[in-house]
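Each remark here refers to the structure printed beneath this line.
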Amino acid sequence: MSDDREILRELWNGQVPVHFVLSSDETSNMEAPQPYFVLVPRQTYFPLCLDKVNRHFQKYTTQTAAGQEIWLDFDGTPLRMHYPVGVLFDLFAHDALLPWTITVHYSAFPEDELIHLASRDAMESYFMSTLKEADALKHKVTIVSTMQKKDHKQLWTGLLNDRFDQFWAINRKLMEVSSENPYFRYIPFRVYQADKSFIQKLVKPVDEEGRRQTLADLLLQVFPDHQNRKVVIQGVKMSPQTPLQWLSEHFSYPDNFIHICVHEK
Amino acid sequence: MTTLEEYYAAVADFLELSERVGDGWSRFSSEDIRSPCFEMIRRRQTHSRRLTADAPPDIIFFDYHVYFNEAFAVPQLLFSACRPDGSLVPLTTLHELIPKHLLPEASERELVWETLSQIEHPILHCPIYALHPCQTAAFIRKIRSFSKSWLLSWLSSVGPAVGLELSPQYGIISHTDNITSINTLEHPIST
């Protein structure tokens, strides 16, 4: 995978422009809140980069909203902040006007739709458990369980502090394959469509005859109807002929899943 | 590792026992489930306790789900916990409810987070609390070396950590030689 290492860095550096506005339900009528513009890294999660947004809007909010858990919506849809920022962008804003306008809320947290991620502990726990799941799919004997605690921490802090080298120094071990065993057991992936729940299945990187499986093979297992769909991964419109093993090694998010956004044509 | 077929067979056996005990475990079925259904079973339970003798009772409605986690190839216990007004019981409260004897001594804050957290339900896609499945495979392997009713043994071992009660009737009804004491095993939620 060393040949294509530049791709990893390019994807890591990807950012999306966001225009945060405060929901009209939250404002005290003293003064009209100023919007907040920021570039958000694709690989991170919203709860990890809202501290400044929060500080900015707190001065405009009503008394009751102060101190409440922040949540976001786009066009009336609450954003599942446990999906990476890039996934939410590809899913909801792929053809929206830029910057992407997101509404900030403090009251009426939709508990039946969103996970509570206000504390760093909650976000870290969610991230690490997703990463462990990907590891269990890829390897019969999991790698994460053989790592030291400090390696787990380095994965997390690498993501948290946006440090590519720090993260990949450990993540490399989760992505490595050998010449005698060049494939993962299963490919960790989830397929997303707007207004629908994500789909996750067991898919191998090679078929029974040892032929390399491609993105087209994966999509056929998820959507047997052969309909033509636009497929976006990490903001890139992906060729159906891309081999799954290569995709998993290079286009996974930090949680080690390939998050595939699919749009009806 | 457990195969899906082994899990199906264990669920069938468990539901048969549950019917005789009469504690309400049932298969979950829903028309709008799009993902493959890994034979989810569920049971509702009301938990009531008084912190002090004259305090009003603290009531929690639990809804327990067991499904087959394909990635780890093990059953997984999920649950929701609500107050009578419909609000969610916060995770920090549930962390406090884990009986201390089920956690290793000097249990760190981190360990609790690695054990129990909120996730997106793998089948229903709503928020749900989940016991992490990474230690389950090793535990089930040990149980299966002596217990035929391994799903019951597993559930009765991990359940009490999150308020799930299983009647002693299970032990009386099923053959006593199937359910050996599991006290000698390392507990699955301790790492």
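Taken together, the values in this text are just the output of simple stated rules run on the coordinates, not laboratory data. In this text, all values refer to a predicted model and were calculated from it rather than measured experimentally. Virtual Cβ from ideal backbone geometry, glycine too; neighbours counted across all protein chains shown.
So, with +1 on the Cβ of K and R and -1 on the Cβ of D and E, and no other charges, what is the size of the charge dipole of segment B:4-173 about its Cα centre, to the nearest 20 debye? Don't skip to the answer; put the middle values down first.
On the way: 15 positive and 21 negative charges, 68 e Å.
That gives a dipole near 320 debye.
Antiparallel DSSP bridges in segment A:120-264: what percent, to the nearest 5? Display every interim value, and only then the final one.
Working: 10 of 14 bridges.
Of all bridge pairs located within segment A:120-264, approximately 70 percent are antiparallel.
For B:59-72, what's the mean count of beta carbons from other chains sitting within 10 Å of each residue's beta carbon?
Partner Cβ neighbours, averaged per residue: 2.
Return the percentage of antiparallel bridges among DSSP beta bridges fully within segment A:1-126, rounded to the nearest 5 %. Display every interim value, and only then the final one.
Details: 12 of 17 bridges.
Roughly 70 percent of the beta bridges in segment A:1-126 run antiparallel, per DSSP.
When ranked by the protection proxy of mean other Cβ atoms within 10 Å per residue, highest first, what sequence do the peptides A:195-205, B:125-135 form? Walk me through the numbers on the way to the answer.
Values: A:195-205: 16.4, B:125-135: 19.5.
For the peptides A:195-205, B:125-135, the packing ranking is B:125-135, A:195-205.
Given R₀ = 56 Å, FRET efficiency for B:Glu5-A:His19 by Cβ-Cβ distance, to 0.05?
Values: r = 52 Å, r/R0 = 0.93.
Step by step, r from the Cβ atoms, then E = 0.60.
Give me the mean projected area, in nm² to one decimal, of the convex hull enclosing the Cα positions of segment A:7-105.
Values: hull surface 25.9 nm².
Computing the convex hull of the Cα atoms and averaging its projections yields 6.5 nm².
Cross-link partners among lysines for A:Lys230, C-alpha distance below 28 Å, same-chain residues fewer than 8 apart left out?
The qualifying lysines are A:Lys138, A:Lys196, A:Lys201, A:Lys204, A:Lys265.
For segment A:7-105, calculate the relative contact order in percent as a whole number, restricting contacts to Cα pairs under 8 Å that are 6 or more residues apart.
On the way: 141 pairs, mean separation 39.6, N = 99.
About 40 percent, as a whole number.
Using 0.36 nm per residue, how much length does the chain from A:Thr146 to A:Gln68 gain when fully extended, once their Cα-Cα distance is taken away? Walk me through the intermediate numbers first.
Details: separation 78, 0.36 × 78 = 28.08 nm, distance 3.90 nm.
Roughly 24.2 nm would be gained on extension.
Rounded to the nearest 0.05, what FRET efficiency is calculated for B:His125 and B:Arg42 with R0 set to 25 Å and r the Cβ-Cβ distance?
Working: r = 16 Å, r/R0 = 0.63.
E between B:His125 and B:Arg42, to the nearest 0.05, is 0.95.
Mind listing the long-range amide H neighbours of A:Arg42? Cut-off is under 5 Å, sequence gap 5 or more, other chains count too, H placed in the peptide plane at 1.01 Å from N.
Under 5 Å from the amide H of A:Arg42 lie the amide H atoms of A:Gly14, A:Gln15, A:Val16, each far enough along the sequence or on another chain.
Length gain on complete extension for the stretch B:Ser145 to B:Asp58, per 0.36 nm per residue less the alpha carbon to alpha carbon distance?
Working: separation 87, 0.36 × 87 = 31.32 nm, distance 3.98 nm.
My answer for the length gained is 27.3 nm.
Can you tell me what share of the DSSP beta bridges in the protein assembly as shown is antiparallel? A percent to the nearest 5 is fine. Numbers along the way, then the final one.
Numbers: 50 of 59 bridges.
Around 85 percent antiparallel, to the nearest 5.
What are the semi-axes of the equivalent ellipsoid for chain A, taken as the square roots of 5 times the Cα gyration tensor eigenvalues, largest first, in whole Å? Present the calculation step by step, with values, prior to reporting the outcome.
Details: eigenvalues 242, 92, 48 Å².
Semi-axes, largest first: 35, 21, 16 Å.
For chain A, set up a Gaussian network in which alpha carbons nearer than 10 Å are linked by springs, and say which option among A:Glu180, A:Glu133, A:Glu113 fluctuates the most.
A:Glu180
Provide a whole-number value for the mean count of partner chain Cβ atoms within 10 Å of the Cβ atoms in peptide A:111-122.
Across the residues of A:111-122, the mean count of other-chain Cβ atoms within 10 Å is 4.
Around B:Val89, which amide H atoms from residues at least 5 apart in sequence, or from another chain, sit under 5 Å from its own amide H, with H modelled in the peptide plane?
So B:Val89 has HN proximity to B:Ala81, B:Cys82, B:Arg83.
Please name which of A:Val16, A:Gln245, A:Tyr36 has its Cα lying farthest along the dipole of the protein assembly as shown towards the positive end, using unit charges on Cβ (Lys, Arg +1; Asp, Glu -1) and the Cα centre as origin.
Result: A:Gln245.
For segment A:246-253, what does the Karplus curve 6.51 cos²θ - 1.76 cosθ + 1.60, with θ = phi - 60°, yield as ³J(HN,Hα) per residue in whole Hz, taken in order and with x for Gly and Pro?
The phi angles translate into 4, 4, 5, 6, 10, 10, 6, 7 Hz.
Please check: in the Gaussian network model of chain A (C-alpha springs, under 10 Å), which one of A:Asp75, A:Asp217, A:Asp151 has the largest mean-square fluctuation.
A:Asp75
Please list 3J(HN,Hα) in residue order for segment B:150-156, calculated via the Karplus relation 6.51 cos²θ - 1.76 cosθ + 1.60 where θ = phi - 60°; whole Hz, with x for glycine and proline.
5, 5, 5, 4, 5, 5, 6
Using 0.36 nm times the number of residues separating A:Glu113 and A:Leu97, minus their current alpha carbon distance, what extension gain do you get? Could the numbers behind the result be given before it?
Numbers: separation 16, 0.36 × 16 = 5.76 nm, distance 2.59 nm.
The A:Glu113-A:Leu97 span can extend by a further 3.2 nm.
Report the per residue volume, in Å³, of the convex hull enclosing the C-alpha atoms of the protein assembly as shown. Walk me through the numbers before you get to the answer.
On the way: hull volume 79.8 nm³, N = 456.
Enclosed volume per residue, from the Cα hull, is 175 Å³.
Per-residue HN-Hα couplings for segment A:224-232, Karplus 6.51 cos²θ - 1.76 cosθ + 1.60 at θ = phi - 60°, whole Hz, x for Gly and Pro?
For segment A:224-232, the Karplus curve yields x, 8, 6, 5, 6, 10, 8, 10, 10 Hz.
Peptide A:160-167: average number of partner chain Cβ atoms within 10 Å per residue?
On the way: counts 0, 0, 0, 0, 0, 0, 0, 0.
Other-chain Cβ atoms within 10 Å of each residue's Cβ, averaged: 0.
Let me check the size of segment B:4-173 from its C-alpha atoms; what are the radius of gyration and Dmax in Å?
In order Rg, Dmax, the Cα atoms of segment B:4-173 give 16.2, 50 Å.
So which aspartates and glutamates can B:Lys142 reach, going by Cα to Cα under 14 Å and dropping same-chain residues fewer than 8 places off?
Correct list for B:Lys142: B:Glu186.
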